[in-house]
Amino acid sequence: EVVETQEHYKSRWRSIWIMYLTMFLSSVGFSIVIMSVWPYLQKIDPTADASFLGWIIASYSIGQMVASPLFGLWSNYRPRREPLVVSTAISVAANCLYAYVHVPHSHNKYYMLTARALVGFGAGNVAVVRSYIAGATSLTERTSAMANTSACQAVGFILGPVFQTCFTLIGEEGVTWKFLCLQLNMYTTPVLFGALLGVINIILIFAIFREHRVDDMGRQYRSINSDGEGSDVLDQNTEGSIDHVAVVALNILFFVILFVFAVFETIATPLTMDMYSWTRKEAVFYNGIILSVIGIESVIVFMVVKTLSKKTGERAILHAGLLIVLVGFFILLPWGKKLPNIQWQEIKNTSIPRTAPSEMLAPFWSLPELQVPSNHSAEPVGCPITQSWCLNTPMIFLAQYLSSDVLIGLGYPVCNVMSYTLYSKVLGPKPQGVYMGWLTASGSGARILGPVFVSQIYTHLGPRWAFSLICGVVVVSLLLLEIVYKRLIAFSVRYGRMQE
């Protein structure tokens, strides 16, 4: 057997740590503006509505879905440094474009759409990161490495909203540099900070990252990506076919996991503005804090599942994670009789609908703060009358919302890391770039459909319909997991090379 040298071991893990950093920066690029996209969109282009917000959020994932298989294929045949550097450079340029979407005199919402799509295209390097880590770790190292990767992604989701929350101190006006046509405010400064982090990432990839491959036993071998480092390497043993039923099932499960979390992310700001009469700035600030706490919770979960998976196995933990997510969305269903406050500015000059029940109108007209003069310039808050469900759907209490946040923040990271770990183990020693690209594309497809789904269903039918449908989707995914449960085993275990 070829024994790994200490020098090779250190170089291999330095490269893995660079991949952790790349994953972290990719998630920061998404989350650093997620809470401020809606208020910024309303500020730069008043013609944009909540439905278009869904497309703005989804554009990131459209770009990632297109790019992931391409970058994955590229990484199968060329040194991974190439797609990593190119993808990160695209993200840097796209973040700079986002900082200038306020400059044009019209169609600003489409410039924002383009900028977010390009940021997502650059984030297609997630497939390269995952495939490299899967190939550079032994079977015993894999769960821990995948958990660390997801933890870095979660830390990015934590710090992104934290950065955004800190940048709210700059305010909506901020500072304007006329010679650069640049406004440094609470909306643009975060993306420029993200661009700076991307430049640092490129420098570190050139300076530190090296290609390494090991088999399931931890023995190093040569691959097409190798730079020729090390001479004592084994030939790769790839005999045996991949269980494509398990691969397809894990793609579907991963789609569901990302779908429900994308719904949760997208709806946070509009839901809290509608239910609790928060202003744009309050919604960005408070949800930033809430998502930061959820991110901290997720990191703790990632650390725990690394140990727990050794005792119970990845499949059982994935099952438990889906059950927790189901309970989280069930709690979010609206109950009770109290209705949300209605935006006065939407209805101040409109007659009362005569068909509406008197008990529905009583709490609205009895509120003295709604009697505002027509020249009042304050930002309208509450549930807009254009969403007809606001008149008959009970509000979701803050305790419900926070309890749901805690449960989804517990279940999502468990499902995320277990699905990636099982997927990489099912694929085995074969090149995983394209397969990881398809898995990332599945997640991106979920991030496309999730925001569009929830923005349409929520806007037209309300939270009861939106969250009921989500519960149904999670139940179906649990049934699928039961069907394929016995097939979700490692490639080497399937062919008897290792014991489970």
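Just a few scattered comments:
- When each of Ser131, Ser144 is tested for being open to solvent by 10 Å² or more (accessible area, probe 1.4 Å), assigned by the TED database to the domain that holds His212, of a type outside the set (Lys, Arg) and part of a helix (DSSP H, G or I), the lone residue that passes is Ser144.
- Condition broken by Gly198, with the remaining ones in (1) surrounded by fewer than 22 Cβ atoms within 10 Å (Cβ to Cβ); (2) more than 28 Å from Asp405 (Cβ to Cβ) satisfied: (1)
- Candidates Ser468, Ser419, Ser444 - the one that is crowded, with 18+ Cβ neighbours inside 10 Å, in contact with a Leu (Cβ under 7 Å, 6 or more places away or on another chain) and of a type in the set (S, T, N, Q): Ser419
- Checking Val233 against (1) at pLDDT 85 or above; (2) hydrophobic (A, V, I, L, M, F, W, C); (3) not assigned by the TED database to the domain that holds Arg447, the condition it does not meet: (1)
- Taken over the stretch 31-49, the criterion of being in a helix (DSSP H, G or I) and crowded, with 19+ Cβ neighbours inside 10 Å is satisfied by Ser31, Val37, Trp38, Pro39, Tyr40, Leu41.
Conditions (1) assigned by the TED database to the domain that holds Arg447; (2) open to solvent by 20 Å² or more (accessible area, probe 1.4 Å); (3) in a helix (DSSP H, G or I), marked per residue:
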site: Leu258; (1), (2), (3): yes, no, yes
site: Thr266; (1), (2), (3): yes, no, yes
site: Met273; (1), (2), (3): yes, yes, yes
site: Asn287; (1), (2), (3): yes, no, yes
site: Ile294; (1), (2), (3): yes, no, yes
site: Leu308; (1), (2), (3): yes, yes, yes
site: Arg315; (1), (2), (3): yes, yes, yes
site: Phe330; (1), (2), (3): yes, yes, yes
site: Trp335; (1), (2), (3): yes, yes, no
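- Restricting the stretch 422-441 to residues that are in a loop (DSSP other than H, G, I, E, B) and open to solvent by 20 Å² or more (accessible area, probe 1.4 Å), the residue that is farthest from Gly63 (Cα to Cα): Lys430
- Where a residue in the stretch 315-339 is at pLDDT below 90 and its partner, wherever it lies, is among the charged types (D, E, K, R) and open to solvent by 10 Å² or more (accessible area, probe 1.4 Å), with Cβ under 6 Å and at least six apart: Pro334/Arg464
- Considering residues of the stretch 58-100 that are charged (D, E, K, R) and outside any helix (DSSP H, G or I) only, the residue nearest to the chain's Cα centre (by Cα): Arg80
- Thr149 falls short of the stated requirement of being open to solvent by 10 Å² or more (accessible area, probe 1.4 Å) and part of a helix (DSSP H, G or I).
- From the list Thr168, Thr137, Thr188, the one residue that fits, being within 30 Å of Ser15 (Cβ to Cβ), outside the structural domain of Ala490 (by the TED database) and open to solvent by less than 10 Å² (accessible area, probe 1.4 Å), is Thr137.
- Checking every residue in the stretch 449-470 against the condition of being more than 30 Å from Thr386 (Cα to Cα) and either at pLDDT below 90 or basic (Lys, Arg) (or both) gives zero matches.
Conditions (1) at pLDDT 85 or above; (2) of a type in the set (D, E, K, R); (3) more than 15 Å from Trp438 (Cβ to Cβ); (4) open to solvent by less than 10 Å² (accessible area, probe 1.4 Å), marked per residue:
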residue: Phe255; (1), (2), (3), (4): yes, no, no, no
residue: Phe261; (1), (2), (3), (4): yes, no, yes, no
residue: Ser277; (1), (2), (3), (4): no, no, yes, no
residue: Arg280; (1), (2), (3), (4): no, yes, yes, no
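The values are calculated or read from the model by the stated rules, or taken from the named source; none is laboratory data. These figures come from a predicted structure and were not determined experimentally. A quick note on method: Cβ atoms are made from the backbone with ideal geometry, for glycine too, and the neighbour counts reach across all protein chains shown. Heads up: the accessible areas ignore ligands, DNA and RNA and are worked out on the full protein's heavy atoms, side chains in. Shrake-Rupley method; radii C 1.70, N 1.55, O 1.52, S 1.80 Å.
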